[in-house]
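Below: the structure, in structure tokens.
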Amino acid sequence: MKLLIVEDEQDLLSMINHYLKKEGFLCELAKNYREGYIKLNNYQYDCAVIDLNLPGGDGLTLVKLLREESPETGIIIVSAKDTTEDRIRGLEEGADDYLVKPFNLSELNARIKAVLRRKMNLPTKEMNFGNLSIRLDAREVIAGENTLKLTKKEYDILLYLARNKNRVVTKDSIAEHLWGDYMDEAVSFDFIYAHVKNLRKKLNENDCGDYLKTIYGIGYKFMAH
């Protein structure tokens, strides 16, 4: 899951980023209105966490823009403004939730997951495909009775493909989803190929069937029946 965090308080931005990365999210950061505007116009996100008071512009304008351009994206406002009027206005402009500062990072994490479940109709705890189970809360993959030993990137690729089951997913979209602003870390698409190859090998070794289909020259498809 890819998130955009728009927050001008650098310490808070770093803490949110560090905490949510440990929770398995890919986070991209913007510390002012302009950076947030550019990212929202150039990339897709599963959820955006947006502060209202930003250098260079009003965070509420970003909320309105995102809701108009990408209605499927979850939006959570974080703000020191805590009046009923402020909350109502934020929700009316398109936010899915409103969290008042200061807040606990575990509460922000819980609210992000709740918004994602509502927006994407995600299962709360588990995705099942025959004898393959992906346990979201534990970030575990079970094949039959065996827990697969997957790297973080192998797990993230499997989950991304599973959430787009029976659709062709391009290598570009996988790279952009997994690395975001840090796509240079992917080095080349050979890096993705190596992850998928290892993942497919682990699935096959555990009698899990060939769920991953290569679409030559394009990308991959998770075959679910």
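Observations, loosely collected:
- Hey, Asp46 modelled with pLDDT of 95 or more and touching a strand residue (DSSP E or B) at 6+ places or on another chain (Cβ under 7 Å) or not: no
- Within the range 97-127, the set of residues being modelled with pLDDT under 90 and loosely packed, with under 13 Cβ neighbours inside 10 Å comprises Arg118, Asn121, Pro123, Thr124, Lys125.
- Selection count where residues are closer than 22 Å to Asn164 by Cα and free of Cβ contacts under 8 Å to residues at least 12 places away in the same chain, scope the range 22-52: 1
- Number of residues in the range 80-90 that are surrounded by 14 or more Cβ atoms within 10 Å (Cβ to Cβ) and either in contact with a strand residue (DSSP E or B) (Cβ under 6 Å, 6 or more places away or on another chain) or outside the structural domain of Asp58 (by TED's automatic domain parsing) (or both): the value is 2.
- Contact annotation: residue pairs with Cβ atoms under 8 Å, 6 or more positions apart or on different chains, pairing a residue in the range 53-73 that is within 10 Å of Glu93 (Cβ to Cβ) with a partner that is surrounded by 15 or more Cβ atoms within 10 Å (Cβ to Cβ) and basic (Lys, Arg), are Leu60/Arg89.
- Selection of helices (runs of 4 or more DSSP H) fully inside the range 70-179 by the criterion of at least 3 residues being of a type in the set (A, V, I, L, M, F, W, C) returns 105-120, 152-163, 171-179.
The values are calculated or read from the model by the stated rules, or taken from the named source; none is laboratory data. All figures in this text were calculated on a predicted structure; none of them were measured in a lab. Heads up, the Cβs are rebuilt from the backbone with ideal geometry, glycines too, and the neighbour counts pull from every protein chain shown.
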